[in-house]
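The values are calculated or read from the model by the stated rules, or taken from the named source; none is laboratory data. Just so you know, these numbers come straight off a predicted model, no measurement behind them. Because the Cβ atoms are built from the backbone with ideal geometry, glycine has one as well, and the counts that use them run over all protein chains shown.
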Amino acid sequence: MAKINFSISGMHCASCVNSIEKEIKKIDGIKKLSINFASSRAFVEYDDKKANQEKIFEAVEKAGYSAEKPDIEKEKKLKEIKSLKIRFIISLCLSLPLMYLAMSYAFLPEYLVKHLSLIQFLLATPVMFMGYNFFTGGIFSLYKTKKANMDTLIAIGVGTAYIYSLVAAINIWLGHLGYSHKDLYFEIAAFLITFILLGRYLEALAKGKTSEAIKKLMGLQPKTAIVIKDDKEVVIPILEVLVDDIIMVRPGEKIPVDGILIDGHSSVDESMITGESIPVEKEKDAKVIGGTINKSGSFKFKTTKIGKDTVLSQIIKLVEEAQSSKAPIQKLADFIASYFVPIVLLIALFSFGLWFFLGQSFVFSLTIFISVLIIACPCALGLATPTAIMVGTGMGAEMGILIKSAEALQNLRNVKAIVFDKTGTLTEGKPVVTNIIVYDKSKKEILEYASSIEKRSQHPLADAIVEAARKNQITFKDVKNFEEISGKGAKATIENSDILIGNKNFMLENSIDISFANFDIDHL
């Protein structure tokens, strides 16, 4: 079995999704298929003995769309957004004067009125070219797949208005008395294209923003790694790291890939994986995870997983699959939308025939026909649910909540209570000082000594002690001979006295008696 996650360009409605799904399902060996209209992404699980990526991409192209590999997807999206923005601005600049001329021709100077139809034609025609893909996409889909989509409605509605206006304009130029400026609908065709371009531009922006969560997850992984080769440290791109390579990681650096520690010891911040705010102590044979942060000592580790096999890559894959999956309610919306377009076409034709049969003019009946086609827009029906899924899973990923599928997200509405088992408690994600137990010193003195030493440490517990000192307006003392002992604590000299701070084992190793506090410690 194999899986592939790729983007599809050219989709503009739920009918597009259905057309692509039908073509891909014709391929023998397809086990699971999910296409998300909001993200323009597809997830396919297939038997690699019967199907392959080339066949899947060919099926997408046969349906009249383009399949893009992930490495060129981002660049193409940016170009699409830029193109839509430019086309919208040009269309708006041409449509505004066109609307003014059409609505106020009775008040225009005579020399303008004589050439009004020509001016409107010259203003409207470039706008039609700005919306060229609506015509090519709509007519191409109808011709090649025998299925109508949202672009088909636009192409027929706008095309009818423009062609009729062109015929009327030609008759005006030829001096036929049966036509006047009232028969021109250039401004309607132009403004419809302009508004649809605006909608597509905003839609493209929204799709780009909803993928930010995945981009942030990808940003957790460093771009380079320090590999030990022939006893020398060599900085190489992370894509060139191989399994069994020896990697050096220094304090403050991100661990590039997954592996097993072979030399040294340190504490590692794994909060991006586990949610634990306290760094995990790592010694020989301990597992380290790519994307986590080395907090203290330097160490070497041998790589065990690289690329798509790392824990971080699996998390990114899970989020992508969740965003590409379909909730049960979305499948219902897609089913309705697939029949929506042909029904609208029939209603538009029926409306035209009815009004014409009842004695209305051809122009009036044609206006009704165009109005039904343009107003009946199923985009909201096909876009609402997948957009909600993308935003929900994306925001969840940013907060450390991974949602397995769209179905799980939909079922979440039935949850009445949530039970957490997170180290026995729910916290703010950072430690704070809650109690100070003293023996022969005051709490203020203990906090002075402890915070003065911990001010030099980067450990989260050290930050909590320093923050407690600041809240109590403690003055920090001069510290000498500071030394941090990974996994245990720290020691230093203050006012000619050796001061130790650390965990219980660290105290016992240095023959410090803390039995007086055992009862209080056990009952905290």
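Restricting to the stretch 242-300, name every residue that is in contact with a helix residue (DSSP H, G or I) (Cβ under 8 Å, 6 or more places away or on another chain), among the β-branched types (V, I, T) and in a loop (DSSP other than H, G, I, E, B).
V257, I278, I289, T292 - these are the residues of the stretch 242-300 that are in contact with a helix residue (DSSP H, G or I) (Cβ under 8 Å, 6 or more places away or on another chain), among the β-branched types (V, I, T) and in a loop (DSSP other than H, G, I, E, B).
Restricted to the stretch 470-520, and to residues that are among the hydroxyl-bearing types (S, T, Y) and under 29 Å from V280 (Cβ atoms), which residue is modelled with the lowest pLDDT? Give the steps one after another, and end with the answer.
Here is the first cut: in the stretch 470-520, the ones among the hydroxyl-bearing types (S, T, Y) are 475, 486, 493, 497, 511, 515.
Still in the list and also under 29 Å from V280 (Cβ atoms): 486, 511, 515.
Working: S486: 74, S511: 85, S515: 80.
Once the filter is applied, the top-ranked residue is S486.
Report yes if some residue within the stretch 239-262 is touching a residue at least 40 places away in the same chain (Cβ under 8 Å) and under 30 Å from E21 (Cα atoms); otherwise report no.
Checked the stretch 239-262: no residue is touching a residue at least 40 places away in the same chain (Cβ under 8 Å) and under 30 Å from E21 (Cα atoms).
May I ask you to list the residues in the stretch 357-370 that are of a type outside the set (F, W, Y), out of contact with any helix residue (DSSP H, G or I) (no Cβ under 8 Å at 6 or more places or on another chain) and assigned to a helix (DSSP H, G or I)?
Correct list: T367 only.
Kindly indicate the residue of the stretch 113-159 that is at pLDDT 70 or above and in a loop (DSSP other than H, G, I, E, B) and also nearest to T194 (Cα to Cα) among those meeting that condition.
The extreme case among them is G131.
When you scan the stretch 228-244, do you find a residue that is among the charged types (D, E, K, R) and either buried (at least 18 other Cβ atoms within 10 Å of the Cβ) or assigned by the TED database to the domain that holds P460 (or both), even just one?
No, the stretch 228-244 contains no residue that is among the charged types (D, E, K, R) and either buried (at least 18 other Cβ atoms within 10 Å of the Cβ) or assigned by the TED database to the domain that holds P460 (or both).
Is it the case that Y449 is over 23 Å from S296 (Cα atoms) and of a type in the set (F, W, Y)?
No, not satisfied.
Any idea how many residues of the stretch 176-215 are at pLDDT below 70 and assigned to a helix (DSSP H, G or I)?
Number of matching residues: 10.
Within the stretch 445-524, considering only helices (runs of 4 or more DSSP H) that don't extend past its boundaries, which have at least 3 residues that are over 29 Å from N294 (Cβ atoms)? Walk me through it before giving the result.
Values: elements: 460-471, 504-509, 518-522.
Those helices (runs of 4 or more DSSP H) span 518-522.
Checking S39 against (1) modelled with pLDDT of 80 or more; (2) not in a helix (DSSP H, G or I), which test does it fail?
(1)
Could you identify the single residue in L426, L383 that is surrounded by 13 or more Cβ atoms within 10 Å (Cβ to Cβ), under 30 Å from the mean Cα position of the chain (by Cα) and modelled with pLDDT under 75? Step through it out loud before you land on a result.
Details: L426 fails: surrounded by 13 or more Cβ atoms within 10 Å (Cβ to Cβ).
It is L383.
Return yes or no: is S338 modelled with pLDDT under 85, under 21 Å from I226 (Cα atoms) and within 33 Å of the chain's Cα centre (by Cα)?
No; evaluated as a whole, the condition is false for this residue.
Among D498, D478, D522, D463, which is within 23 Å of P251 (Cβ to Cβ) and free of Cβ contacts under 8 Å to residues at least 60 places away in the same chain?
Only one candidate qualifies: D463.
Residues are listed down the side, and each one gets a yes or a no for (1) modelled with pLDDT of 80 or more; (2) under 30 Å from A492 (Cα atoms); (3) touching a Cys at 6+ places or on another chain (Cβ under 9 Å):
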site: L373; (1), (2), (3): no, no, no
site: P378; (1), (2), (3): no, no, yes
site: M390; (1), (2), (3): no, no, no
site: I401; (1), (2), (3): no, no, no
site: K422; (1), (2), (3): no, no, no
site: L447; (1), (2), (3): yes, yes, no
site: I465; (1), (2), (3): yes, yes, no
